[in-house]
Structure formats: C-alpha cells, structure tokens
1. Out of all the residues in segment 73-93, is one or more more than 14 Å from the chain's Cα centre (by Cα), on the phi > 0 side of the Ramachandran plot and either surrounded by 13 or more Cβ atoms within 10 Å (Cβ to Cβ) or assigned to a loop (DSSP other than H, G, I, E, B) (or both)?
2. Looking only at residues that are under 19 Å from the mean Cα position of the chain (by Cα) and under 17 Å from residue 15 (Cα atoms) in segment 135-152, which one is modelled with the lowest pLDDT?
3. Being modelled with pLDDT of 95 or more, within 27 Å of residue 28 (Cβ to Cβ) and either in contact with a strand residue (DSSP E or B) (Cβ under 9 Å, 6 or more places away or on another chain) or not in a loop (DSSP other than H, G, I, E, B) (or both) is the filter here, so list the residues in segment 113-134 that pass it.
4. Filter segment 1-35 down to the residues that are surrounded by 14 or more Cβ atoms within 10 Å (Cβ to Cβ) and under 28 Å from residue 77 (Cα atoms) and list them by number.
5. With 108, 38 as the choices, which residue is surrounded by fewer than 15 Cβ atoms within 10 Å (Cβ to Cβ), under 19 Å from residue 27 (Cβ atoms), touching a residue at least 24 places away in the same chain (Cβ under 8 Å) and within 17 Å of the chain's Cα centre (by Cα)?
6. Among the residues of segment 50-72, are any surrounded by 12 or more Cβ atoms within 10 Å (Cβ to Cβ), part of a loop (DSSP other than H, G, I, E, B) and touching a strand residue (DSSP E or B) at 6+ places or on another chain (Cβ under 6 Å)?
7. Considering only segment 74-95, how many residues are in contact with a strand residue (DSSP E or B) (Cβ under 6 Å, 6 or more places away or on another chain) and at pLDDT below 95?
C-alpha cells in the first residue's frame, strides 16, 4: 500500500507506518501461540541479545520501564519460559535467562515469524532487500552516533 511517494521529508513517518503494520501482522501470527506482543518480544530479545541479560539491559532493549518489565517477567517466569538469577558480581542485579521451554518457544516463534516474513517479502528480491539493509544501517549509524550508542539493539 503506497499512499504517497517516499521522500526525505516523510521517511520517518512512512517507516513508522510500515513498522506498525508489520508488527500488527507479526502479532497476529504469534497470537495463536497464546503469547502477546508484550510477552513474545522479551523472549525474542533475550534470544537475540544472548541469554543472561541484565534486567535493566533488557528493559532498555525493549524500550520499556523497569517496573513494566518486572510484571512481564513475572508472567513469563510463571510460564517457566524465563528464570531470574542474581548477578554474582552484584547480588542486587538480576540476570534474565531463557529456560529450555523458553528456547523451545523462541524456536517456534522464529518458525512462524520467518514464514510470515517470507510471505510479506515475496515481491522483494534479494538486491532490493540488500539495498534496504544498507540504507537501514546508514540511518542507524547516524542515530547511534547522535545518541552515543546502539541502545535499541534487538528485534
């Protein structure tokens, strides 16, 4: 759906629209698993960023407040998808890790997401995707330089 041509003046707006539509499709594909966007995203971020992520780093990666994350983690822990461990270097800090069931869930999510992405990208060839990736990387580098880091790594 191309409502208006992409220009430098509406790039962010169009990117935001695309991201919301994409996310809505992913959320719908994931909904059949019983997980919501609020619950599947932390699992995918843990898998992407590596197990044993500090709770504060996970909150930053997700772009949510720590108190919001605590409630999400409580539910994921009840489902035995994650576990919290005390950091041996700082007993006050919590390290979040996927359990075996969490890894299985992430693998099932990846299968669903990859199938959906293949479907959504059917009309995009590899060269176009590579070009999009280069543009993405360049814009991301500018944003990271402005902030001083790549703070929002993750899916």
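The values are calculated or read from the model by the stated rules, or taken from the named source; none is laboratory data. Not measured: the values here are computed from a predicted model. Heads up, the Cβs are rebuilt from the backbone with ideal geometry, glycines too, and the neighbour counts pull from every protein chain shown.
1. Among the residues of segment 73-93, at least one is more than 14 Å from the chain's Cα centre (by Cα), on the phi > 0 side of the Ramachandran plot and either surrounded by 13 or more Cβ atoms within 10 Å (Cβ to Cβ) or assigned to a loop (DSSP other than H, G, I, E, B) (or both), which makes the answer yes.
2. 152
3. Within segment 113-134, 113, 114, 115, 116, 117, 118, 119, 120, 126, 128, 129, 133 qualify.
4. 25, 26, 27, 29, 30, 35
5. 108
6. Scanning segment 50-72, I find at least one residue that is surrounded by 12 or more Cβ atoms within 10 Å (Cβ to Cβ), part of a loop (DSSP other than H, G, I, E, B) and touching a strand residue (DSSP E or B) at 6+ places or on another chain (Cβ under 6 Å), so the answer is yes.
7. Here the count works out to 6.
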